[in-house]
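Chemist: I have a structure here, written as structure tokens, and I will follow up with some questions on it.
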Amino acid sequence: TLRSEDEAVRWLTGPRRSFLVLGNDVFPALNRAYRRERHLNIPIADASNSNLFVAVSDLEGRPNRNPLEPWVQSVRPRMRHPAREPSVFENTYEYIGYDLDSNGLSYVPLGGSFKVTFHFHVIADATRNWQLFVHTDGQGPRINGDHEGVGGRYPTRHWQTGDYINDQITVNVPLTYRPGVYTVFLGFFDGGDRMRLEGGDHDRDNRVVVARVNVR
């Protein structure tokens, strides 16, 4: 039994080939500690059980089964819609662009859905555990999408300087809404506080204007 994240990282980065079984509850914190040491996600040999992962010191050429691999990276991701000018949240999170998946269509049908992937560069460690809010405003009541970072799998308290974070949300458009242009806004909040924004395309409510989506 290892009593801390630092002990676990030393175990996995020591001179001998080592294995470690870790629970899903400690996985995000341990992944953060491993990234602090190696700038990589923990090498996971087996993630077939959603509650227990098997980490290994050396994957010996096998693929990393770490479920955070697509979402937490050390290099800038490719994206179809990079921001013309980055928006910076309190010198902590830099919004750099997005991708949108409308199921292969050029529009979103009423009663349908679309996925938005937001891309961030972490330029400083946060002092609070911020959550993300997503507002989709259009021809009907606001569609809210408040959530923990990376769908709850990697909350912002684990994000650290240098990380590139990809955060995805699915927006469902009710069949009872009307056709038109829907605007997707993004921001960070903690209770009643919002992170202040500088630069880029944003409004006075500290929301990035991410995308405009045609719904019909």
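The values are calculated or read from the model by the stated rules, or taken from the named source; none is laboratory data. These figures come from a predicted structure and were not determined experimentally. FYI the Cβ positions are ideal-geometry reconstructions off the backbone, even for glycines, and counts take in every protein chain you see. Note: accessible area is taken over every heavy atom of the protein model, side chains too, but ligands, DNA and RNA are not part of it. Shrake-Rupley method; radii C 1.70, N 1.55, O 1.52, S 1.80 Å.
Chemist: Filter the range 131-157 for residues that are closer than 18 Å to residue 209 by Cβ, assigned to a strand (DSSP E or B) and either modelled with pLDDT under 95 or open to solvent by less than 60 Å² (accessible area, probe 1.4 Å) (or both) and give the result.
Modeler: Correct list: 132, 133, 134, 135, 136, 137, 138, 143.
Chemist: Would you say residue 41 is touching a residue at least 24 places away in the same chain (Cβ under 8 Å), under 20 Å from residue 149 (Cα atoms) and open to solvent by less than 80 Å² (accessible area, probe 1.4 Å)?
Modeler: yes
Chemist: Another question, if that's okay. In this structure, does residue 160 turn out to be assigned to a loop (DSSP other than H, G, I, E, B), in contact with a helix residue (DSSP H, G or I) (Cβ under 8 Å, 6 or more places away or on another chain) and within 26 Å of residue 67 (Cα to Cα)?
Modeler: Yes; evaluated as a whole, the condition is true for this residue.
Chemist: Still on this structure: If the Cβ limit is 6 Å and pairs must be 6+ apart or interchain, which residue in the range 187-203 that is under 12 Å from residue 89 (Cα atoms) pairs with which residue that is among the small types (Gly, Ala, Ser)?
Modeler: 194/187; 197/87; 199/87; 200/83; 200/87; 202/87
Chemist: Condition first: open to solvent by less than 20 Å² (accessible area, probe 1.4 Å) and either assigned to a strand (DSSP E or B) or without any contact (Cβ under 8 Å) to a residue 60 or more places away in the chain (or both). Now tell me which residues in the range 99-116 satisfy that.
Modeler: Selection gives 108, 114, 116.
Chemist: Scan the range 47-82 residue by residue and report those that are part of a strand (DSSP E or B), open to solvent by 30 Å² or more (accessible area, probe 1.4 Å) and either among the aromatic types (Phe, Trp, Tyr) or over 16 Å from residue 21 (Cβ atoms) (or both).
Modeler: Matches in the range 47-82: 73, 81, 82.
Chemist: How many residues, within the range 25-38, are open to solvent by 70 Å² or more (accessible area, probe 1.4 Å) and either among the β-branched types (Val, Ile, Thr) or part of a loop (DSSP other than H, G, I, E, B) (or both)?
Modeler: Final tally of qualifying residues: 1.
Chemist: Filter the range 163-181 down to the residues that are crowded, with 18+ Cβ neighbours inside 10 Å, of a type in the set (A, V, I, L, M) and assigned to a strand (DSSP E or B) and list them by number.
Modeler: Scanning the range 163-181 gives 165, 169, 171.
Chemist: Can I ask one more? Could you figure out which of (1) in contact (Cβ under 8 Å) with a residue 24 or more places away in the chain; (2) farther than 29 Å from residue 118 by Cα; (3) of a type in the set (Val, Ile, Thr) isn't true of residue 1?
Modeler: (1)
Chemist: From 65, 76, 38, grab the single residue that is basic (Lys, Arg) and out of contact with any strand residue (DSSP E or B) (no Cβ under 7 Å at 6 or more places or on another chain).
Modeler: Of 65, 76, 38, the one residue that is basic (Lys, Arg) and out of contact with any strand residue (DSSP E or B) (no Cβ under 7 Å at 6 or more places or on another chain) is 38.
Chemist: Now for a different question. Exactly one of these conditions fails for residue 205: (1) within 15 Å of residue 136 (Cα to Cα); (2) surrounded by 14 or more Cβ atoms within 10 Å (Cβ to Cβ). Give me its number.
Modeler: For residue 205, the failing item is (2).
Chemist: Can I ask one more? Across the range 17-32, what is the number of residues that are touching an Asp or Glu at 6+ places or on another chain (Cβ under 6 Å) and without any contact (Cβ under 8 Å) to a residue 40 or more places away in the chain?
Modeler: Qualifying residue count for the region: 1.
Chemist: Ok, one more. With (1) surrounded by 13 or more Cβ atoms within 10 Å (Cβ to Cβ); (2) modelled with pLDDT of 95 or more; (3) not β-branched (Val, Ile, Thr) as the list, and residue 19 as the residue in question, which single condition is left unmet?
Modeler: Result: residue 19 fails condition (1) only.
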